[in-house]
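Read the structure below first, then the notes.
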Amino acid sequence: MTEVPKIRMRGLKKAFGSKQVLDGVDLDVRAGHGMVILGGSGSGKSVTIKCVMGLITPDEGLIEIDGVDVSAMTARQRTEIADRTGMLFQNGALFDSLPVWENVCFKLLAQNRITRGKARDKAAEVLAQVGLAGSVGDLSPSELSGGMQKRVALARAIAAQPDIIFLDEPTTGLDPIMGAVIDGLIVDVVKRLGATAVAITHDMASARRIGDDAAMIYRGKMIWNGDARVLGQTGNAMVDQFANGSREGPIQMELRK
């Protein structure tokens, strides 16, 4: 029996004015695994994720979550999907006016899924999962280092125990060691939750650490997908050039035309 993908995309197209950003994206994301989407700036990585999240409506194509066509879902079904989705934003996107504990439990509080009285303890519990002391909850985001802010952002992403987690450039702005620490935490919490992770990144070391599977988007199409462990030696010239950071290769040659 064929396993139903957690997320299935077929023929996704999206244009903004005359610019065709997605031009027939096809991709399957396996349930309980980490998928890393690679691609240069402006290639359509973020637009792809936003289409899946329902933040952008594609012009054409199919998106299924757990085998159900998203476009055919009721408003209630869409809300249920959103409730079990977490997001780690590129720059953390913490609310500066709120203490850490409110940031972590923001979604739960906004949806009245937890009382303010219980939110502090819940925040401390989740902060512990990303290696931070409960006392950090009383600090403001501005009092945290970049690495701590990223951990708090991860805590917020997992506080509602989602089964799908989207990660936008999770190691941006971090030194290599802290980047490896954050990636390790991501892998640990994803496994603990039994969640499916979808990440977009330019950091190849991060891609190999987070991803079980990887895919590359180029000019609005998925040109390759496979085992993340073979990145750099996939046999696809464009993917290998990107993964190895090579100056010479088909992508650069096209830029010279």
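The values are calculated or read from the model by the stated rules, or taken from the named source; none is laboratory data. Predicted, not measured: the structure shown is a model, and the values here were computed from it. Cβ placement follows ideal geometry from the backbone for every residue including glycine, while neighbour counts extend to all protein chains displayed.
Listing for the model above:
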quantity	calculated
Within region 218-257, tally of residues that are closer than 16 Å to SER41 by Cβ, modelled with pLDDT under 90 and aliphatic (A, V, I, L, M)	2
Any hit, region 93-114, residues being charged (D, E, K, R), closer than 24 Å to LYS19 by Cβ, touching a residue at least 40 places away in the same chain (Cβ under 8 Å) and surrounded by fewer than 17 Cβ atoms within 10 Å (Cβ to Cβ)	no
Residue match in region 51-70 (condition: over 25 Å from MET216 (Cβ atoms) and either outside any loop (DSSP other than H, G, I, E, B) or touching a Phe, Trp or Tyr at 6+ places or on another chain (Cβ under 7 Å) (or both))	yes
Positions within region 94-145 being not in a helix (DSSP H, G or I) and not hydrophobic (A, V, I, L, M, F, W, C), in sequence order	ASP96, SER97, PRO99, GLN111, ASN112, ARG113, THR115, GLY131, SER140, SER145
Qualifying position, being in contact (Cβ under 8 Å) with a residue 12 or more places away in the chain, surrounded by 19 or more Cβ atoms within 10 Å (Cβ to Cβ) and not assigned by TED's automatic domain parsing to the domain that holds GLY179, among GLY146, GLY137, GLY131	GLY137
Single condition ILE177 does not satisfy, out of (1) assigned to a helix (DSSP H, G or I); (2) surrounded by fewer than 18 Cβ atoms within 10 Å (Cβ to Cβ); (3) touching a Ser or Thr at 6+ places or on another chain (Cβ under 9 Å)	(3)
Scan of region 194-203 for residues that are surrounded by fewer than 20 Cβ atoms within 10 Å (Cβ to Cβ) and under 15 Å from the mean Cα position of the chain (by Cα), ordered by number	HIS202
